[in-house]
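See below for the structure under consideration.
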Amino acid sequence: MIPPEFVETLLARTDIVEVIGKRIKLKKSGVNYFACCPFHGEKTPSFSVSPSKQFYHCFGCGAHGTAITFLMEYEGISFPDAVEALAQEAGLVVPKTRTGDPKAAETARNEREQLLHLLEKAAHFYQQQLARHPEALRYLERRGIGRDAIHHFGLGYAPDDWQALAAIFPHYNDPLLEKAGLVIAQDNGRRYDRFRHRILFPIHNRRGQVVAFGGRVLDQSEPKYLNSPETPLFSKSHELYALALARDAIRTRGHVIVTEGYMDVVSLWQHGIDNAVAVLGTAATPHHVRTLVTLTDEILFCFDGDDAGRRAAWRALEQSLEALKDGVTLRFAFLPEGEDPDSLVRCVGTDAFREHLQQSRTLSQYLIETLTENESLDTPEGRARLIHHAQPLIARIAAPELKRQIEQEIAERARIPLDDWAAAATPRVAPRRTRTRTQPHWHATPRKTVATLGTRLLRLLLAHPRLAARVPVNWLDASEDPDLQAAQRLVDAIEHGEIAPEHPLAAILSHFQSDESLRARLESHAAALVEESAPDDTDPESELADLLDALAAQTLQREIAELMAKARVQMLTAEERQRLNTLIREAKRPQNDRRGN
C-alpha cells in the first residue's frame, strides 16, 4: 500500500505541464496550456492543463485529473504503476508499505507477475483446445460466431476434464493456480479445474493483460455463465469485458454501449458495432461509470426487454448517481420483450438495432418516469410519496447542475417551490461557534439555493484552501447537501493537519484517493475550476463571508418556518415561543447591525 502522504508529496513536487508535455504537444494560451485531447478524437484543441492548479481538463469529453490520473488513462496502467512511474521521473523512491518493508513489496510484485503469466498461459491453452474440439466450434457456429471474432476476442474452450490444466502446469498443486482462480482446492486436498466443458472468454485489464475468464456452458447445465472469482488481479466491480479492445472505438465514436453479456459484445462486434462492453455478472458500479467517462461523455446502457433487464437497469441507475458529472450523458435502452443485444442484432441487423438504441432515454427521463409512473400526483399523498422517494436518490447525484435540473423538475411535478424542496431536503443546521474564528454574518434572504451555495463554497475552498481556517468547526456537519458535506470533509482534513493548504490542488485531491465517491465529487468541481479560466477579481475572503452569511440565513429562515408550521397544528412551549420571537427579531434586523455583533 502506498501511503497517501507520499502521493501528496509526489504531486506537490511534480509539474503536470512537464509530465503531460513529454507525451503530447502542448501550446500555451493565456495562463493555461492546450492540446488536442488524447482521449477522444478532435481537431480543435480543447484539452487544457492548468499549471497553477496542477490539473488537466478536456472541454470536449470531460476527462480530467492529476498527473497520476493522466498516466493511468494515457498509458493504461494501474494507480501503483502510475505512482511508480511518476516517482521515477521525480527522482523519488516509493515506500510500498506503511511499515516500509521492501521485501513484502517485492514479494507482492513478483506474485502479481506470476499470476499474470499463469493466466496468459492458460488462455493460450484454452485457445488451442478450441481448435481441437469440433463440438465447441460447432456451438460457436450455431451462435453465429465466426473465425474473425474467435481470433479478435481470443475465445477458447475448457475441455470436459477435471484436471486438463495439468497438461501445461506440471506443478498442479501450486497454490498460485488457486489464487489465480484457475483451480479449486477442496478441504480434503483434492484439486480440479474451475472451468470444464465451457467456451471461455478471456477478461483483460485496461493494459490488455488477461486477469480472469468467463465461461459459458455448451449444454443446459447450470450455472450457464461462470466467472473467475475475486483475485488479487480481478474484481468484477472494476473490470468491464472487452474494454481494452473497444477503447479506441469508444473514443472515435463518442459513446460506449454497455451490455449484460459476453455474447452481446461479440455479436455486436461482428455486426460492425465495435464500441460495446459488458458488465461481469453484476450491476454497473460507480467505478465502471468513472472508468468509462474517461473515454467518452456518453454512456448507453442496453438492457434485455424483460423484468430482469429492467431491474438491472434501475440498479445501474442507482449505482451511477454518485459517479455522474455535468457534461456526461447516461442513456438507457430497453430492447423488445424476450430479446437481448445478441439475439436482436442477429435477427434485425445493424441498422435496425441502432434504431432501437436511438429510442433510449436519458438518466433524468428514466429516473423521473419511474418515480412518477405509479403515483397519483393529483393528490397530496401521491405528491408526498414522490418527494419521499425522490429526495434520497437526487441527494446522491454528484453532478451539481444535473442535480439542480432534476430537483426543479420533481419540484414542479410535486407542485412545490424549489426553495421548499431544498428546505425539505436539508435539515436545520445550527451554527456551532466553538472556537475563535471569523463567524458568519447574517443576511435576511439567501441569494442562491442550498445546492448552489454548497457548490460555490466547495469550489472556493478548493481554489483557496487557506480559507478553511475561517469556516466554523462542524458548521456543515448536519447538512445533507453532498457539496456541503464534501466541504466539511475538506475543512476537517486541513484543520487536523492531514492536508497542507499551501499544496497545489492536485496534491490536495490525492488525500481522498481511498474514498471514490468523495474524490470523484472533488475532481468534478476541480475540473469546473479549470473551465472557469476567466480572471476573477472577487476577494476570496469577502466571497467566503457572503457564502457563510447566506447559509446561516437559510438556517435562520428554515428554523422560523419549522416553528411556525408547528404552531399551526399545536401549541408551542414557552421556550419555543421565545425562540421564535428571537429568530424573527434577528431576521428583521438590518444586515449592517447584525454584522456588528
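Values quoted throughout were computed directly from the atomic coordinates according to the rules given, and no laboratory measurement underlies them. Just so it is clear, the structure is predicted and the values come from calculations on it, not from any experiment. Neighbour counts run over all protein chains shown; Cβ positions are idealised from the backbone, glycine included.
When each of K121, K28 is scored by the number of other beta-carbon atoms lying within 10 Å, the sequence from fewest to most is K28, K121.
Each label point was placed 7 Å from the Cα along the Cα-to-Cβ direction; for S514 and E502 their separation is 2.7 nm.
May I ask for the angle, rounded to the nearest 10°, between helix 363-372 and the longest principal axis of the chain, with both axes built from Cα atoms and the value confined to 0 to 90°? For helix 363-372, the angle is close to 70 degrees.
To the nearest 0.05, how large is the calculated FRET efficiency for R585 and R315 if R₀ is 35 Å and r is the Cβ-Cβ distance? My answer for the efficiency is 0.10.
Scan (i) 199; (ii) 261; (iii) 215 for the value of volume of the Cα convex hull per residue in Å³ calculated from this model and give just the label. Computing volume of the Cα convex hull per residue in Å³ and matching it to (i) 199; (ii) 261; (iii) 215 gives (i).
Where does helix 102-132 land angle-wise versus the long Cα axis of the chain, in degrees 0 to 90, nearest 10? Relative to the chain, helix 102-132 is tipped by roughly 50 degrees.
Using the Cβ-Cβ distance between H117 and Y192 with R0 set to 22 Å, the FRET efficiency from 1/(1 + (r/R0)^6) comes to roughly 0.55. Cross-link pairs exceeding 31 Å in C-alpha to C-alpha distance, out of K25/K325; K103/K224; K22/K121; K43/K325; K179/K325, comprise K103/K224; K22/K121; K179/K325. Ordered by the count of other Cβ atoms within 10 Å of each Cβ, fewest first, L11, L583 give L583, L11.
In terms of overall dimensions, the range 374-425 has a Cα radius of gyration and Dmax of 10.5, 31 angstrom. Protection proxy ranking for 233-241, 79-87, 343-351, using the average of other Cβ atoms within 10 Å per residue and placing the highest first: 233-241, 79-87, 343-351.
Give the separation of the Cα centroids, the range 306-373 to the range 168-243, in Å. Cα centres, the range 306-373 to the range 168-243: 30 Å. For the modelled label position 7 Å from the Cα of K43 along Cα-to-Cβ, which residues of the range 1-36 have backbone nitrogen atoms closer than 18 Å? Under cut-off, by backbone N: 35-36. Taking 0.36 nm per residue of separation and subtracting the Cα-Cα distance, full extension of the segment from R207 to H238 would add 9.8 nm.
Rounded, prolate or oblate: which fits the range 1-145, taking a ≥ b ≥ c as square roots of the Cα gyration tensor eigenvalues, rounded meaning a/c under 1.5, else prolate when a/b beats b/c? Verdict is oblate for the range 1-145.
Here each label is just a point 7 Å from Cα along the line to Cβ, and for T362 and T573 those points are 4.8 nm apart.
Please work out, to two decimal places, the log10 of the ratio I(q)/I(0) at q = 0.13 Å⁻¹ from a Debye calculation in which every Cα of the range 102-227 carries one identical scatterer. Results for the range 102-227 at q = 0.13 Å⁻¹ read -0.55. Take every Cα pair under 8 Å whose residues are at least 6 apart in sequence, average their separation, divide by the length of the chain, and the relative contact order is 12 percent.
Extension gain, E141 to E562: 0.36 nm times the residue separation minus the Cα-Cα distance gives 144.7 nm.
Evaluate the relative contact order of the range 243-368 (contact order divided by residue number), counting alpha-carbon pairs under 8 angstrom at least 6 apart; express in whole percent.
Rounded, it is 27 percent for the range 243-368.
Relative to the longest principal axis of the Cα atoms of the chain, the long axis of helix 400-413 makes an angle of roughly 70 degrees. Computed per residue of the chain from DSSP H runs no shorter than four, each worth -39500 (n - 2.57), the mean residue ellipticity at 222 nm is -15000 deg cm²/dmol. Counting only C-alpha contacts under 8 Å and six or more residues apart, can you give the relative contact order of the range 102-227 as a whole percent? Relative contact order for the range 102-227 comes out at 24 percent.
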